[in-house]
1. Residues that are touching an Asp or Glu at 6+ places or on another chain (Cβ under 7 Å), farther than 23 Å from THR2 by Cα and among the β-branched types (Val, Ile, Thr): find the strands (runs of 3 or more DSSP E) completely inside segment 13-67 holding 1 or more of those.
2. Restricting segment 17-44 to residues that are open to solvent by 20 Å² or more (accessible area, probe 1.4 Å) and of a type in the set (S, T, N, Q), which is nearest to the chain's Cα centre (by Cα)?
3. Considering only residues of segment 50-85 that are touching a residue at least 40 places away in the same chain (Cβ under 8 Å), closer than 17 Å to TRP30 by Cβ and open to solvent by 80 Å² or more (accessible area, probe 1.4 Å), which is farthest from the chain's Cα centre (by Cα)?
4. Report the residue count in segment 9-59 for those that are over 23 Å from PRO70 (Cα atoms) and of a type in the set (Lys, Arg).
Amino acid sequence: MTPINAKTQKAYQGGNIIALLSAPFENQTWATYRQWLELGKQVQKGSRGTKAIKMVKITDKKTGVEKMVPRGFTVFNIEQVKEMA
């Protein structure tokens, strides 16, 4: 099963697939802390997230040249969240 984002329902790509599949979870549904909050769920206290990377387009302020740079973010598995009270 390919890891998917709980909010967007999009599959993760590239090296993120390997990182997420390597995590010790049966379910492959993931989201950031903020996305889980938006979905009405709370990440359980003490849970450790899994690092992922996305490529972001930025514009160099001096030259005006656009380039792609990696940005890290942390996701949590659905097994690490609970419904908000």
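The values are calculated or read from the model by the stated rules, or taken from the named source; none is laboratory data. Because the structure is a prediction, the values reported are computed rather than measured. Reconstructed Cβ throughout: ideal geometry from the backbone, glycine too, with neighbour counts over all protein chains shown. Surface areas here come from the heavy atoms of the whole protein model, side chains and all, with no ligands, DNA or RNA. Shrake-Rupley method; radii C 1.70, N 1.55, O 1.52, S 1.80 Å.
1. Working: elements: 29-31, 41-43, 50-59.
Those strands (runs of 3 or more DSSP E) span 50-59.
2. Filtering first and then ranking leaves THR32.
3. Top of the filtered list is LYS82.
4. 2
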